[in-house]
Structure formats: structure tokens, C-alpha cells
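Notes to accompany the following structure.
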Amino acid sequence: MIPSRWYAMAGLVILAAIAPAAPAQQRSLSIGYVYPAGGQQGTTFEAVVGGQFLTGVSTVDVSGDGVQATIVELVQPIAGKELNELRIKVDELLARRAVVRGDFRALEQFRSFQNAKTVKTDAGAQDKELEDLKKKYAGATWTAADEAQLIETRKRISSAVRRPANPAIGELAILRVTVAPDAKPGRRELRIATPSALSNPLVFFVGQLPEFSAKAAKSISEQKSAVAKTAVAPKGRTAEPAMTVTLPAVVNGQILPGKVDRYRFSASRGQRLVVAASARELIPYIADAVPGWFQATLAVYDDQGQELAYEDDFHFNPDPVLYYRIPADGQYIVEIKDAIYRGREDFVYRITIGELPFVTSVFPLGSPAGGQTAIELTGWNLPVTRLTVDNQHQLPGVRPLTVPGQQWLSGRVPFAVDTLPECSEQEPNNLATEAQQVTLPIIVNGRIAAAGDSDVFCFDGRAGDEIVSEVHARRLNSPLDSVLKLTDAAGRQLAMNDDYEDKSAGLTTHHADSWLRVTLPADGKYYLHLTDMQHQGGPEYGYRLRISPPRPDFELRVVPASVNGRTGASVPLTVYALRKDGFAGEITLTLRDAPAGFALGGNILPAGQDEVRLTLTVPASPEKEPISLNLEGRATIDDHPVTHPVVPAQDMMQAFAYRHLVPAQQLRVAVTGRDVSRNPVRILSAGPTRIPAGGTGRVRLGVPPNTSLERFALVLSDPPEGISIKGVERSRDGVEILIQSDAAKVQPGQKGNLILTAASKKSASTGGKVKTKAMASVTLPAIAYEIIAP
């Protein structure tokens, strides 16, 4: 039998050696919105960040150069105990002021108020209470400072938030933001930090147009006031007057329950107005709201209240874009609201309004790498309708395409670059008898040009050939909802696909692009049919159709995008492999150009697996500011080395259930705490720990020989099913942790990482019962394991 004291020793040694100054585990700092979610170059303004566990926030981290922000105020919910203490304080101040001023009428009212809050007493008892107050404050004074204290305490009570409707955004940090005149326009990421934690990122824009913002609700009293106004308005709408803005402009706002925001502007006859909302773009997913984001709608009204135009989306994108040609000089109003009059503080939006260029679609949706391609631009207020794209130095992938000279005012559309040969679809090709002959491998650039259109392509194949057919349309902002069908020369259907989920498209909820993989049964001609599932079509219904042998490849995501580590400690990360066309090989993960002191533990993503938990060990000295790290993954595909970046991401929940990997711009790491001179805990086991199926493996740790015997818990953090700690034994140079496996739940050849966490436990006796509470915890570098045959 293994002595229990060795569990305690192992845990204590790990805790003392790795994190000597580690405090009790803190709840995670998180932020849910920033308002306004951007600002104009050359301006300074106030912004509000809503989040949870903001105590101690002191700095703001904005990606890129040219944006500086400071914390000027923190507004937090007041706990029930503190709120009661504040009320008692007000009662005492009121009573003392009444006695000092000899205002016995006020004292009588105070006494009556106090009795109303408690049990009624008889008149004699009430008189005694009054006399007791006079005696208590006899000889007291009342100063201007006392009056100020009373006013301030009442103010704190009136603005108190006891139980926020949405605790995840119930605390507020007020920022002062300065955007430099030469700050690069476009999308940034904003985080806030305490001395020991860095928050998740939020989207923040630097703009070029003048900006207008409604006042943010910074307290519960302001929020209640806004909601109260909506309650008396007809059909759930507010009766507040429209804010006047001058075009072109960006307007910022928040939609609270039932609220409707309106903006008044002057326009001239013939102006071609573009109104583009950003709402889901700012906060892609909300965990506790259905459908999982702020579903904005836009409308334009004339000065008499007549609706002139309305939009609730743009193609398949929930953020609406509206185009309207002004019929006459005059005053007009833009209105934004939630589609079903919901509202909350994180329903934040930015609306760009003006006679501005906006690209609605391009054709083709991509072009070959290494050359130049002429493309068509479709949209509103465009200075050009044709553009030559130079891909001489472009790597394969997807990049944003914008109107020349108008990069940050126009709609930005994705544009694909690839290395395969390409061709254009040729009409007529609606039927198999009219099928367009293509030679593989090929990418076809085409359109479903009208409702009911169908494009058919013919290719020659041999028995046993593997063919992949893939549509890129929805992922390139085309409204096409593709359907692919493969038939043989006799018309027999061999395969069909409507929607194929691409987990790399984290912002897509309807995966409308199609993907097929087929082994051809015989030599002969084969026909690939491409249509729209909804029988829709038009010039904007473009697509890129790849027909080729499988092209095994992968993308990588790392979660979370903000990492907090105590000096010298290890922090768990999760890396996801988004495998393509059947690639199942092993991927080696490495840090690229990382500062000294950073290291990955368990850096192999095993063959055939889609994710692995590993650890990042941070330097032994703290960093003044968060550090940006870059990871990459390397694999061998068809005897060729392939390297891809690991894209930072946030694992976001949508509507209580669905999860999405939403890409971020940076992986930011905060290293906090005191200098750690040395780390005496060492993993002595060489190579992966081999665990027989149904048996036990050992992990050897080198630890100091003398250790105090206190109680600690040693656990595996999110272990694979069927793997657990059996016990801990003393060894000559430290301790050995026994890892056991359940033969019914593991398979020989299974590989991965084990992450050990040590947590201190504090016991206390209350009412004869002993309760144990987990205190500080630390994590060891990941330990690779492999299940072997018994």
C-alpha cells in the first residue's frame, strides 16, 4: 500500500518549487463588450468595457501602433453586505445631521422611516428611540465634509448593482482612449489587464470618418432609466428624439431592451447612400442569447416618418447593408434596432453612413498564384468596375480585396489564391449533353447566373482514381448555397453533397459549401453537376470549383488567444488540427522566434487526432507588457515538408450550446509574478511514458529531498478517458507517479499528453465538521504518453 503522505509530498514540492508566490486560484478575468468599439484617427474619447472579475484592472492592451488607452474608473456591483452597511451609514448620517441642526421634524420623519422598515412599536417605545438618538449625537458636529460624505454614499447606493441581469458584463471599466492621427485604419484587438491577468480580446476599429456616439450607460440607474423610457413607448419603441449627424460618418450605439436608435441627417437629391452596420462583426457570438448575436435591422425614413428602405441582412451575413438613392433634398432618418426588440449592454454597433464605395461582389472569386488576373467589381459608388490583381508574390490562401485607394471605406471581400490550373465556366453547360469538358486537376471559376441555373462539367477518369470536388463560394462571401452531384456516363448518381462543415470558418454558422470525395469505379467519363440548393442565382452567385486528386493539408488553431502565466510556470493550451482531404499525419508544434525562456511541453499532435492539450512554460522573470508569440506546425505530406502557422483563436459559445473557433489577430502572453531563481522540479522520464493497456506506467520527477508534509491534491487535468493516477511512490532521486489505464477505454497505439496539476488543500472545522477547500494550484509541463499492448 502506498503511504498517503507521498501524495502530499509530491504536491507540496511541485507547488513550492514552481510557483512559490502563487496565490489562490483566481476566477478568470473576461470582457464581453467595448463601447464605442472604435474611434476616428486623431481623436480622444471615453470608452466603456463591460466584463466580469475586473478587480485590479490597471492597463489596456491594443494591438498595433497608434492607439493608447488608460483606465480612469472601475464600476462594480456592490455586494449585499456592503450595500447594507452603506444604508446603515446613511441612516446614521441623517440622524446625526438632524440632531446637530435641531431639526426634530426631520428626526421624527427619520424615526418613522426606521420603524416602517422594522416591526411597529408603541408610541412610548418610539419616544424612547427619539430620545436615545438625541443623547447619542449630543455634542456632535456637522461639517461640509459630512454633507459631502452623505451625498456620495447616497449616490453609491442609487447606482449600485446588486444582481446584474448579465453577470458576465456586470462590471465596467471606463477607459480614456487616444487614437493618433497616423494610426493605421482597420481592425485591432483590445484587451484589459490586472497585474496578474490578461483578458480575452475584443474587436476595436480605427476609422477615418467623423464619429458620433450616444452616451454609454455606466450605472444600473442609467440602464434602468433607459429601459423605463422604452416601457412607455408604443410597440416597444423608444420616444427619444433622433441624434443629428453630418455625413459621411460612423455612428456608435448600444441597444437596450426595446430600444430603437435613430440618426437624423441632411441629404441631397440623387445622393447614393450606403448604410452598413457592424454588430455581429464586433461580437461574433453571445453565449447566453439566441440566436447567439445581436440581429440588427436598418431602415431609412423621410422626415414624415415614411419608411423608404429596409434591410435585415446582407446576402447571408447577419449584419445588414442598405443602399438607397435619395429622391429629394431634405431631412432623413436612419433607424437601427434588434429584429425582435431584444436588447442588452453588449448589443453594440457601428454604422457607416454616406455616399461611400462599397463592393458587394467580385468575379472571379480568386485567381492563380504567380500571375495577374482581371476581375470585375460590383457594388455601389465604385470609382472603378474592373481591377487587375497582381499575385506575383502572393502565397496560396485567402486575402482581403478592396477598392483601390479606399481600403477602409469600402466593403472588403475575400479573394482566393491557389496553385492549381484554373479556367472559366463556359455556357451553355446546363445539361450533361452540354457539359463543359475539363482536364484535372482544375479550379473552375463560374456563376450560377440565374434562378434554376445548373452547371455541368465532364472529366475523364480511371478505375481506382480518388477524386475530390470542393466548392468555395459561401466562404468567399457568395450567397450561393451549393449542391454537388457526381454521376457516371449512364447518369447513375455516385455521390452527392449539400453542406460540408469547415471548422476553420469559425464565423460561419451555415456551412453552405459542398465537398465530395469519391473513388471512381471504372474507366470512363464522369459528370459533376453544380446547382443552388434554394434554386436561386444571379451575377453575385459566384463560385470556385476544385476538381482534383486529394490534396492532403491542414490548418491549426491555438486556444486561448490570451494566456496568463506566473513566472517559471506552465500553462495549458489546446491546439486543434483542421485536417483537409484526408491528411492524418503527425504534426510537430514549435515556437517561432520566441524570446528566451518560453518553451512548449508535449509539442506533438499525434497522427489521426484533431486536437492536443500541451503546455507553454514561461520565463522565470516577469515581463512589463504582454508578449506576442507565434507558433507553427510542421508535417510531412507526400514526402515533402509542410509548415503552417498556428492561428490564435477564441473558443466561443453560441446560444448556450454551439461552439466555434473564432480566429484572433494575436496570441498574447502575460508573464507576471516575482523572479524565480531556479526550478528544482524536473521531469526525469525520457521520451513518452508507456502505459500498458489495463496496466500501469510511471512518471519520474526529480524533487528536493526535504519537504514539509502538508496535504495537497495531485490530479490529472482533463485526462483522456480511461487514464488516471493510481498513486505516488518515493524513488531514489524524487518521486514516481503511477499512471493506470482502463483496458476497456484505451487502445494500443493511442498517444497524447498528460497534464499534472498540484493543488493545496486547507482544512477547517465548522460545527464539528471538517471542510476542505482547494487553494493554489500549479501545472507541470505536459508529459507525452503512449498506450502499448499489455
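Tally up the residues in the range 173-192 that are in a strand (DSSP E or B) and open to solvent by 10 Å² or more (accessible area, probe 1.4 Å), please. Number of matching residues: 5. For Leu150, the conditions (1) of a type outside the set (S, T, N, Q); (2) part of a helix (DSSP H, G or I); (3) open to solvent by 40 Å² or more (accessible area, probe 1.4 Å) all hold with the exception of (3).
In the range 643-651 there is no residue that is surrounded by fewer than 20 Cβ atoms within 10 Å (Cβ to Cβ) and in a loop (DSSP other than H, G, I, E, B). In the range 507-526, of all residues being out of contact with any Phe, Trp or Tyr (no Cβ under 7 Å at 6 or more places or on another chain) and in a strand (DSSP E or B), the one that is farthest from Thr360 (Cα to Cα) corresponds to Gly524.
Total residues in the range 687-736 satisfying the condition of being part of a strand (DSSP E or B) and modelled with pLDDT of 90 or more: the figure is 13. The residues of the range 361-379 that are surrounded by fewer than 19 Cβ atoms within 10 Å (Cβ to Cβ) and hydroxyl-bearing (Ser, Thr, Tyr), listed by number, are Thr373, Thr378. Taking the range 20-91 and the strands (runs of 3 or more DSSP E) fully enclosed by it, the elements with 2 or more residues that are open to solvent by 60 Å² or more (accessible area, probe 1.4 Å) and at pLDDT 85 or above are at 43-52, 67-75. The single condition from (1) closer than 28 Å to His640 by Cα; (2) of a type in the set (Val, Ile, Thr); (3) touching a residue at least 60 places away in the same chain (Cβ under 8 Å) that Thr590 fails is (3).
What pairs come out if I take residues in the range 528-549 that are within 25 Å of Thr419 (Cβ to Cβ) and assigned to a loop (DSSP other than H, G, I, E, B) and pair them with residues that are open to solvent by 20 Å² or more (accessible area, probe 1.4 Å) and not hydroxyl-bearing (Ser, Thr, Tyr) whose C-beta lies under 7 Å away, six or more apart or interchain? What qualifies is Pro549/Pro441; Pro549/Glu466. Just one residue in the set Leu356, Leu420, Leu382, Leu395 is open to solvent by less than 40 Å² (accessible area, probe 1.4 Å), more than 24 Å from Arg272 (Cα to Cα), outside any strand (DSSP E or B) and not charged (D, E, K, R); that residue is Leu420. Do the conditions hold for Gln304, that is, is it assigned to a loop (DSSP other than H, G, I, E, B), surrounded by fewer than 18 Cβ atoms within 10 Å (Cβ to Cβ) and either free of Cβ contacts under 8 Å to residues at least 24 places away in the same chain or among the acidic types (Asp, Glu) (or both)? Against the criterion (assigned to a loop (DSSP other than H, G, I, E, B), surrounded by fewer than 18 Cβ atoms within 10 Å (Cβ to Cβ) and either free of Cβ contacts under 8 Å to residues at least 24 places away in the same chain or among the acidic types (Asp, Glu) (or both)), Gln304 qualifies. The residues of the range 548-568 that are open to solvent by 10 Å² or more (accessible area, probe 1.4 Å) and not β-branched (Val, Ile, Thr), listed by number, are Pro549, Pro550, Arg551, Pro552, Asp553, Glu555, Arg557, Pro560, Ser562, Asn564, Arg566, Gly568.
This table checks each residue for (1) open to solvent by less than 40 Å² (accessible area, probe 1.4 Å); (2) among the aromatic types (Phe, Trp, Tyr); (3) not in a loop (DSSP other than H, G, I, E, B).
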site	(1), (2), (3)
Phe583	yes, yes, no
Thr588	no, no, yes
Asp593	no, no, no
Gln609	no, no, no
Leu614	yes, no, yes
Pro619	yes, no, no
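The values are calculated or read from the model by the stated rules, or taken from the named source; none is laboratory data. Note that this is a predicted model, so its numbers are computed, not measured. Quick reminder, even Gly has a Cβ in these numbers, built from the backbone with ideal geometry, and neighbours come from all protein chains shown. Ligands, DNA and RNA are stripped out before the accessible areas are found, and what is left, the full protein with its side chains, is counted by its heavy atoms. Shrake-Rupley method; radii C 1.70, N 1.55, O 1.52, S 1.80 Å.
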